[in-house]
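> Structure in structure tokens, see below.
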Amino acid sequence: MSGSLSRRDLVLAGAAFISISGRSQARTYGGAVPWTPGIADAPRGVAEGELKFFTAAEAAFVDAAVARLIPADHLGPGAKEAGVTTFLDRQLAGPYGRAERWYMQGPWQDGTKSQGYQSRLSPAELYRVAIKSIDQHCRQRFSGKTFAQLSADQQDRILTEIEKGKLKIEDIGPHAVAIEGAKGPHSDTFFAVLMQNTIEGFFSDPIYGGNRDMVGWKLIGFPGARYDYRPYVGRHGEKLDLAPVGIRGRPAWNDQQS
Amino acid sequence: MAKKLPAVDVALVGFGWTAAIVAEELTAAGLDVLALERGAWRDTPTDFAVTFAQDELRYMWRRSLFQEPARQTLTFRNSMDQTALPMRHLGSFLPATGVGGAGIHWNGQNWRFLPTDFVARSHNEARYGTLPESMTVQDWGVTYDELEPYYDKFEYLCGISGKAGNIKGRIQDGGNPFEGPRARDYPNPPLDMVYGPTLFAAAARETGHKPFPCPAANMSRAYTNPLGVTLAPCSYCGFCEKFGCGNYSKSSPQTTILPVLMRRNNFELRTQCEVLRVNCDSSGKRATSVTYIDTEGREFEQPAEMIFLCAFAQHNVHLLLLSGIGKPYDPKSGEGVVGRNYAYQIVSSVDVFFDDKIINPFVGAGGLGVGIDEYNGDNFDHGGLGFIGGGYLACWNTHGRPIELHPTPKGTPKWGSKWKEAVARNYLTTATISTHGAVMSYRTNYLDLDPTYRDAHGRPLLRLTFDFGDNEHRMSDYLTDRAAEIAKAMKPREIHAKKRNGHYSVVPYQTTHNTGGAAMGTDPRTSFVNRYLQSWDVPNLFVMGSSVFPQNAGYNPTGTIGALTYAAVDAVKNIYLKNPGPMVQA
Ligand SMILES: Cc1cc2nc3c(=O)[nH]c(=O)nc-3n(C[C@H](O)[C@H](O)[C@H](O)COP(=O)(O)OP(=O)(O)OC[C@H]3O[C@@H](n4cnc5c(N)ncnc54)[C@H](O)[C@@H]3O)c2cc1C
Ligand code: SF4
């Protein structure tokens with residue numbers, strides 16, 4: 001690997017932008033086919049290691065929350081063991097966290113359910129504000145304990161309240177300046193984002209840091225990024241038990257894969 | 001100041017499905033054609049290689065092939081008394097950006113509309129009496145029989161896999177007996193069928209229906225199309241809709257037209273050039289040029305003899321409104337045509353849960369499924385039902401991508417151990433029956449310019465005012481009930497019927513089958529283009545794509561879009577080029 005970032009590194013840093021592929025200039029094509037067969041390269045994965053977005057306290061919240069949303073149990077590892085916190089950390093540090101593709105111009109106002117997300121907060125800001133707000137709420141209610149310090153039952157109760165939109169997400173602390181004018185979104189908005197992201201981290205390709213050892217895929221029997229199922233089309237009703245394959249292959253094929 | 005460029009014969013705005021067809025046909029006729037595409041170049045080996053194409057997070061959930069709302073979106077409200085707010089990220093529909101347009105990431109469910117769909121007003125009124133005053137449903141000004149050769153042409157371009165149900169009026173066993181008569185069978189046999197649709201077919205037959213393999217733009221075998229471009233057999237990879245095909249097996253501009261078109265010296269493509277408006281001369285009756293902007297913010301004026309809007313449904317309408325071409329629709333007076341008759345699709349589904357039957361959803365392809373057409377269009381008597389129109393039911397086996405697909409029975413908690421257990425238990429053993437219904441057009445469903453919100457260039461966003469009508473809800477409920485009956489006949493452990501309740505919402509993905517806003521028709525007071533997709537007001541301006549549908553039918557649109565495009569280009573070659581001017585007298 002050379003020291004410079006390859007196209008795929010950038011792509012995998014978060015949401016993919018084809019436009020950073022070195023082709024962001026307007027171009028003209030005529031009189032010939034412009035492609036070169038076979039130049040595509042395989043992607044490289046998210047590296048384990050230090051948090052890139054979450055603070056330690058935030059990571060503790062996310063670890064605890066996703067462990068309740070998809071728990072480890074008799075069926076196998078849950079979201080926490082699958083690395084969903086790492087997944088989320090990298091996603092929120094990247095273009096998705098910054099809502100780079102979203103329309104983020106005002107004026108801002110609450111809409112109907114059918115008008116969708118209307119918060120001024122990007123996903124990264126939403127997590128920052130919501131976690132702070134929920135932990136503060138927990139400290140008040142449970143004699144100084146944060147969400148992560150509560151019992152599983154207590155956590156489930158809080159998560160249910162968040163899901164139902166019963167908690168108001170206040171934009172508290174220093175961040176309030178950055179989101180001045182924003183109406184605090186209701187907690188159900190945050191819950192929907194958190195659950196969707198947890199499912200993403202549990203079931204996406206392992207290169208993004210979640211679905212570690214393909215535990216999500218193994219749980220349900222999804223064989224992953226296999227490319228050719230023609231031999232199986234006619235095998236009606238058969239349990240195929242195909243070992244899952246990711247974009248970088250299977251763990252057994254590649255020692256470096258985390 | 002925009003730099004003025006040398007004129008071309010034909011300028012195409014956008015370079016997706018319709019533009020590729022127009023470009024191929026008109027360059028073959030000897031014209032100089034220029035396509036302006038706002039997105040980047042895309043090709044199979046570079047952009048959809050099988051070493052990374054199968055990435056659910058990147059393509060579906062991070063939307064990396066789709067339009068960026070930061071650059072272009074619309075505002076939305078259900079009714080005129082609400083304030084429209086911006087669609088801040090994509091949801092209900094996923095418009096494309098980049099060479100090939102949505103042709104890259106469609107499913108390839110490729111249908112013809114019914115003969116009666118093209119005469120929706122006159123046919124329904126003759127059979128059921130006057131339509132409600134609120135409906136602006138109208139005839140298309142073109143008939144199925146007139147379009148048949150062009151449907152055929154698009155199907156042979158694409159290499160559609162399917163089984164004919166009606167060849168020249170003779171009903172064919174195993175095909176769709178309700179389809180309009182076709183000249184010949186599909187170019188390729190149906191895809192091989194997987195288990196779920198096979199169980200659906202048996203139950204449908206048992207309950208008195210005539211199931212057939214759905215027509216698919218996924219190759220059931222290697223196929224060389226009339227342009228000499230070869231496609232490879234589909235590998236049932238299950239990463240089809242929302243993804244590019246790494247296998248040259250899904251029909252797209254890239255796999256059917258571009259290898260020929262890109263080599264022609266009278267064709268030029270400029271990518272990452274976004275058209276801002278169409279300019280007319282002082283009479284307003286002749287389009288002279290388009291203005292576009294490149295990624296460095298430089299503006300250019302590109303003169304052309306003919307201009308084709310090929311920018312996809314709502315973008316065509318947005319450009320017309322921004323260019324001040326045609327009379328904008330006013331829902332209060334009912335006058336004006338640009339933005340009138342916006343429609344969509346109404347969909348619902350029934351999950352069918354088995355204990356003992358392994359469905360293996362991941363062995364899938366975009367158009368792989370079995371359908372029935374008994375409840376589409378006017379294939380059944382609507383007497384006493386309280387609605388017109390209908391849709392098809394199908395058991396598709398398109399994919400098993402788990403972020404999107406993890407069905408759970410009714411009453412399952414939305415998270416926690418019980419949710420996890422239900423997902424694990426049902427993933428391999430659930431089939432789904434979908435209903436795909438028509439949406440009629442109404443006085444109060446329309447497109448105009450938003451008074452408040454602006455796009456990246458500071459221009460007003462398009463504003464969408466839309467909701468499903470009672471007609472749509474009754475129709476969709478009726479389809480869902482029929483689907484549930486067949487689901488029960490599949491003898492599952494349980495079913496979960498998911499009706500489409502309440503207001504239309506931009507949040508969950510439904511379909512990218514947006515239609516209308518520049519309707520075709522026979523009367524310039526109620527349509528923007530004539531039957532040849534030529535503007536009544538500006539005869540050297542043409543509008544391609546589903547913007548011209550006066551209302552939507554119960555099928556996916558692209559077969560009909562392809563047919564209308566070929567029909568329009570034929571008229572340009574045979575009528576317009578000999579005598580440029582209106583091809584239909586108003
Ligand atoms: C996820 C998905 C699944 C689908 N599945 C099916 C299916 O199974 N069956 C079916 O029948 N149909 C399906 N469709 C619809 C089908 O893809 C479209 O009907 C078809 O692609 C329309 O062709 P078009 O040429 O009108 O638009 P497109 O193919 O979308 O091309 C429009 C092009 O114009 C460009 N453009 C827009 N504005 C500008 C501008 N101002 N300047 C320059 N360029 C511009 C866009 O970037 C785009 O490349 C699906 C669509 C999507 C998104
Ligand atoms: S299912 Fe078939 S047509 Fe679709 S992407 Fe995979 S190989 Fe291509």
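> Can you flag which of B:LYS332/B:LYS498; B:LYS418/B:LYS499; A:LYS166/B:LYS410; B:LYS210/B:LYS498 are past 28 Å Cα-Cα? Walk me through the numbers before you get to the answer.
Details: B:LYS332/B:LYS498 35 Å; B:LYS418/B:LYS499 24 Å; A:LYS166/B:LYS410 24 Å; B:LYS210/B:LYS498 24 Å.
In this structure, B:LYS332/B:LYS498 exceed 28 Å between Cα atoms.
> Give me the aspartates and glutamates in straight-line cross-link reach of A:LYS132: C-alpha distance below 13 Å, same-chain residues under 8 apart excluded.
A:GLU58, A:GLU170, A:ASP171
> Quick check for me: using +1 on Lys/Arg Cβ and -1 on Asp/Glu Cβ, what's the dipole size of the stretch B:168-273 about its Cα centre, in debye to the nearest 20? Could you put the intermediate results ahead of the total?
Numbers: 12 positive and 7 negative charges, 70 e Å.
Once rounded to the nearest 20, the dipole reads 340 debye.
> In addition: Please name which of B:LEU577, B:GLY339, B:GLY297 has its Cα lying farthest along the dipole of chain B towards the positive end, using unit charges on Cβ (Lys, Arg +1; Asp, Glu -1) and the Cα centre as origin.
Result: B:GLY297, furthest along the dipole toward the positive end.
> Defining a contact as two alpha carbons under 8 Å apart and six or more residues distant in sequence, what relative contact order in percent does the stretch B:13-153 show? Kindly include the intermediate steps, with their values, before the conclusion.
Values: 117 pairs, mean separation 32.6, N = 141.
Relative contact order, the stretch B:13-153: 23 percent.
> With the dipole of the stretch B:122-270 worked out from charges on the C-beta (+1 for Lys and Arg, -1 for Asp and Glu) around the Cα centre, which of B:CYS240, B:THR224, B:SER251 lies farthest toward the positive end?
The one lying farthest along the dipole's positive direction is B:THR224.
> Do any trypsin sites (Lys or Arg not before Pro) in the stretch B:515-586 lie in a loop, going by DSSP, with at most 11 other beta-carbon atoms within 10 Å of their beta carbon, and if so which?
Working: sites: B:ARG525, B:ARG531, B:LYS573, B:LYS578; in loops: B:ARG525, B:ARG531, B:LYS578.
Listed in order of number, the matching sites are B:LYS578.
> Here's a follow-up. Using the beta-carbon distance between B:ILE167 and B:SER283 and R0 = 35 Å, what value does 1/(1 + (r/R0)^6) give for FRET efficiency, to the nearest 0.05?
Values: r = 49 Å, r/R0 = 1.40.
It comes to 0.10.
> Any idea what diffusion coefficient chain B gets from Stokes-Einstein, in µm²/s, Kirkwood Rh on alpha carbon pairs, 10 °C, 1.306 mPa s?
66 µm²/s
> Let me ask another. Quick one: which residues, 5 or more positions from B:LEU276 or on another chain, have an amide H under 5 Å from its amide H? H modelled 1.01 Å from N in the peptide plane, none for Pro or chain starts.
B:THR291, B:TYR292, B:ILE293
> Please report the net charge: other residues with Cβ closer than 10 Å to the Cβ of B:LEU31, K and R +1, D and E -1.
Numbers: positive: B:LYS573; negative: B:ASP9, B:GLU25, B:ASP32, B:GLU305.
Charge balance in the 10 Å sphere: -3.
> Sequence-distant or interchain residues sharing an amide H contact under 5 Å with B:MET306, placed H: which?
Amide H to amide H, under 5 Å and 5 or more residues apart or across chains, B:MET306 pairs with B:VAL10, B:ALA11.
> Taking θ as phi - 60°, what are the ³J(HN,Hα) couplings along the stretch B:457-462 by the Karplus curve (6.51, -1.76, 1.60), each to the nearest whole Hz, with x for Gly and Pro?
9, x, 9, x, 5, 6
> Using Cα pairs under 8 angstrom and six or more residues apart, how large is the relative contact order of the stretch A:60-104, in percent?
Contact order relative to length: 26 percent.
> While we're on this one: Compute the signed sum of charges (Lys and Arg +1, Asp and Glu -1) over the other residues within less than 14 Å, Cβ to Cβ, of B:ARG264. All intermediate terms of the calculation are to be shown ahead of the outcome.
Working: positive: B:ARG263; negative: B:ASP9, B:GLU24, B:GLU25, B:ASP32, B:GLU268.
Neighbourhood net charge equals -4.
> For chain B, what does the helix formula give at 222 nm: sum of -39500 (n - 2.57) over DSSP H segments with n ≥ 4, over the residue count, nearest 500 deg cm²/dmol?
Working: 11 runs with 115 residues, N = 586.
Taking each H run of at least 4 residues, the total per residue is -6000 deg cm²/dmol.
> Can you tell me the FRET efficiency between A:ASP156 and A:HIS74 if r is taken as the Cβ-Cβ distance and R0 is 25 Å, rounded to the nearest 0.05? Write down the numbers at each step before the final one.
On the way: r = 18 Å, r/R0 = 0.71.
The value I calculate is 0.90.
> Lysines near B:LYS327 by alpha-carbon distance under 26 Å, same-chain residues fewer than 8 away left out - which ones?
B:LYS285
> Okay, which of the stretch B:233-257 sit inside 12 Å, backbone N to the point 7 Å along the Cα-Cβ direction of B:LEU227?
The answer is B:251-257.
> May I pose another question? Compute, for the stretch B:36-137, the length of the dipole vector about the Cα centre, with Cβ point charges of +1 (Lys, Arg) and -1 (Asp, Glu) only. Units Debye, rounded to 20.
On the way: 11 positive and 10 negative charges, 25 e Å.
It comes to approximately 120 debye.
> Hey, another quick one. Multiply the residue gap between B:SER417 and B:ARG459 by 0.36 nm, knock off their C-alpha separation, and tell me the result in nm, one decimal place. Can you show the working numbers first?
Numbers: separation 42, 0.36 × 42 = 15.12 nm, distance 4.91 nm.
Here the answer is 10.2 nm.
> Distance check, please: which entries in A:LYS80/A:LYS218; B:LYS357/B:LYS488; A:LYS218/B:LYS250; A:LYS80/A:LYS145; B:LYS153/B:LYS250 exceed 25 angstrom between their Cα atoms?
Values: A:LYS80/A:LYS218 16 Å; B:LYS357/B:LYS488 14 Å; A:LYS218/B:LYS250 29 Å; A:LYS80/A:LYS145 21 Å; B:LYS153/B:LYS250 17 Å.
Table pairs above 25 Å Cα-Cα are A:LYS218/B:LYS250.
> A drop of at least 40 square angstrom in accessible area, chain alone versus all protein chains together, probe 1.4 Å. Which residues of the stretch B:61-100 meet that?
The answer is B:ARG62, B:SER64, B:GLU68, B:ALA70, B:LEU85, B:ARG88, B:HIS89.
> Something else now. A:LYS113: which aspartates and glutamates have alpha carbons under 12 Å from its alpha carbon, excluding same-chain residues fewer than 8 sequence positions away?
A:ASP188
> Let me ask something else about it. Defining a contact as two alpha carbons under 8 Å apart and six or more residues distant in sequence, what relative contact order in percent does the stretch A:80-176 show? Present the calculation step by step, with values, prior to reporting the outcome.
On the way: 55 pairs, mean separation 21.4, N = 97.
Computed value for the stretch A:80-176: 22 percent relative contact order.
> Taking H placed 1.01 Å from N in the peptide plane, check which residues at least 5 places from B:THR288 or on another chain put their amide H under 5 Å from its amide H.
Those qualifying (amide H under 5 Å, at least 5 residues apart or on another chain) are B:ASN279, B:CYS280, B:ASP281.
> Could you give each residue of the stretch B:423-437 its phi-based ³J(HN,Hα) in whole Hz, using Karplus coefficients 6.51, -1.76, 1.60 with θ = phi - 60°, and x for Gly or Pro?
Coupling constants for the stretch B:423-437: 5, 5, 6, 9, 4, 7, 10, 10, 10, 10, 9, 9, 10, 9, x Hz.
The values are calculated or read from the model by the stated rules, or taken from the named source; none is laboratory data. These numbers come from a predicted model, not from an experiment. Neighbour counts run over all protein chains shown; Cβ positions are idealised from the backbone, glycine included. Surface areas here come from the heavy atoms of the whole protein model, side chains and all, with no ligands, DNA or RNA. Shrake-Rupley method; radii C 1.70, N 1.55, O 1.52, S 1.80 Å.
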